[in-house]
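The values are calculated or read from the model by the stated rules, or taken from the named source; none is laboratory data. Treat the numbers as computed from the prediction; the structure is a model and nothing was measured. Note that each Cβ is placed from the backbone with ideal geometry, even for glycine, and that neighbours are counted across all protein chains shown.
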């Protein structure tokens, strides 16, 4: 099972649209996967909501795809809080992760990708080498969640194919 984490709680986000594209790529290949949107999720404490997220999305996954927008030269705090309130050994240890950074600007959240890489390494999660950086996301994916540039689609699909072999 692969869990795709849309790493923001902002409504109507490009992050969720991007996560849904990865969901489609995996589903077309017959790969069992699910999208975890942090929108309207209560992850601020280790309560019933967080325990349900853990049981449904984190523990069953052997691999994760993190779609992370840039927030203040890193990634959203809601994503870090969710990770901090999870059972680290059950949720993250010895699993695999792929990282995708998105931004409206030209850096594509490269700093956030490196920050998350360090965190995942600490959590004993193996991070896939091919980290996709999607800059100027509104030029890459439209409001309906369709890929605008064919080159972007090819990069995303190749990243998925390689991650499946990882």
Check: Within the group 44, 93, which residue is more than 25 Å from residue 136 (Cα to Cα) and at pLDDT below 95?
Finding: 44
Checklist line | Members of the stretch 10-37 found to be farther than 21 Å from residue 62 by Cβ and touching a helix residue (DSSP H, G or I) at 6+ places or on another chain (Cβ under 6 Å), listed by number | finding: 14
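To keep it simple, each residue is scored yes or no on (1) at pLDDT below 95; (2) surrounded by fewer than 14 Cβ atoms within 10 Å (Cβ to Cβ); (3) more than 17 Å from the chain's Cα centre (by Cα).
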{"position": "98", "(1), (2), (3)": "no, no, no"}
{"position": "120", "(1), (2), (3)": "no, no, no"}
{"position": "126", "(1), (2), (3)": "no, yes, no"}
{"position": "136", "(1), (2), (3)": "yes, yes, yes"}
{"position": "142", "(1), (2), (3)": "yes, yes, yes"}
{"position": "147", "(1), (2), (3)": "yes, no, yes"}
{"position": "161", "(1), (2), (3)": "no, yes, no"}
Notebook entry, point to check: What single numbered condition from (1) without any contact (Cβ under 8 Å) to a residue 24 or more places away in the chain; (2) surrounded by fewer than 16 Cβ atoms within 10 Å (Cβ to Cβ); (3) in contact with a strand residue (DSSP E or B) (Cβ under 9 Å, 6 or more places away or on another chain) fails to hold for residue 110?
Noted result: (2)
Margin query: Of everything in the stretch 28-55, what is in a loop (DSSP other than H, G, I, E, B), surrounded by fewer than 12 Cβ atoms within 10 Å (Cβ to Cβ), without any contact (Cβ under 8 Å) to a residue 12 or more places away in the chain and on the phi < 0 side of the Ramachandran plot? Give them in sequence order.
Written below: 47
Next item on the list: Of the conditions (1) assigned to a helix (DSSP H, G or I); (2) surrounded by 18 or more Cβ atoms within 10 Å (Cβ to Cβ), residue 89 clears all except one; give me its number.
Entry: (2)
Margin query: Here's a check for you: in the stretch 56-71, which residue that is touching a helix residue (DSSP H, G or I) at 6+ places or on another chain (Cβ under 9 Å) and in a loop (DSSP other than H, G, I, E, B) is surrounded by the fewest Cβ atoms within 10 Å (Cβ to Cβ)?
Written below: 59
